[in-house]
1. Net charge around Ala121, counting only other residues with Cβ within less than 9 Å of its Cβ (Lys, Arg = +1; Asp, Glu = -1)?
2. What FRET efficiency do you get for Lys148 and Val70 if R0 is 35 Å and r is their Cβ-Cβ distance, rounded to the nearest 0.05?
3. Between Ile61 and Gln87, what's the calculated FRET efficiency when r is the beta-carbon distance and R0 is 22 Å? Round to 0.05.
4. Under Stokes-Einstein, with the Kirkwood radius over Cα pairs standing in for Rh, what whole-number D in µm²/s applies to segment 49-146 at 4 °C and 1.567 mPa s?
5. Where Lys and Arg each count +1 and Asp and Glu each count -1, what net charge lies around Lys65 among other residues with Cβ under 14 Å from its Cβ?
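Where a number appears in this text, it was derived from the coordinates with a stated rule and is not lab data. Being a predicted model, the structure only gives us computed values, none of them experimental. Every residue, glycine as well, gets a Cβ built from its backbone with ideal geometry; the counts of neighbours run over all protein chains shown.
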Amino acid sequence: MHLCAMFNIKTFNHMKTVGLFLIMFFFGTTAFAQMTSSLVKVEEAKAAISWNAQVVDLGKIDQGKPETAVFSFTNTGKTPLLITAVQASCGCTTPEYSKEPIAPGKSGFVKATYNAANQGAFNKTVMVTTNQSEGPISLVLKGEVVTK
């Protein structure tokens with residue numbers, strides 16, 4: 001018996017449309033599942049950073065005597081962590097930082113030295129960018145410069 005004799009033409013066309021839809025749906029969900037799986041693996045493999053403190057209060061410091069704040073961190077991720085940029089908010093603050101990749105479980109630092117030239121309260125920011133951060137991480141050093 002011929003296939004068209006078993007089904008009328010409309011039913012056959014409808015079955016082709018449904019079949020085509022099911023094939024497209026299957027391939028689409030399979031591709032989406034593979035993409036999602038890959039993204040999860042990338043997220044799991046990312047480096048991660050855990051700061052001991054993101055704000056350091058230097059308290060009262062003598063005018064004319066530079067003071068240094070040390071910000072320590074640990075790489076809590078599964079891949080090496082690399083600081084890619086460190087930017088102080090002004091020329092009165094000089095940053096230093098770990099330049100070598102930090103292995104998982106190991107620690108690094110960012111130091112910020114403030115030139116205490118002007119008397120009064122201060123609040124300075126150092127922006128740190130790493131291979132794990134979506135954007136810069138803000139570190140703050142604050143205190144008060146007093147006359148000797």
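1. Net charge in that neighbourhood comes out at 0.
2. Details: r = 24 Å, r/R0 = 0.68.
The computed FRET efficiency comes out at 0.90.
3. Working: r = 23 Å, r/R0 = 1.03.
Between Ile61 and Gln87 the formula returns 0.45.
4. Values: Rh = 13.8 Å.
In µm²/s, the coefficient rounds to 94.
5. On the way: positive: Lys60, Lys148; negative: Asp62, Glu67, Glu144.
Neighbourhood net charge equals -1.
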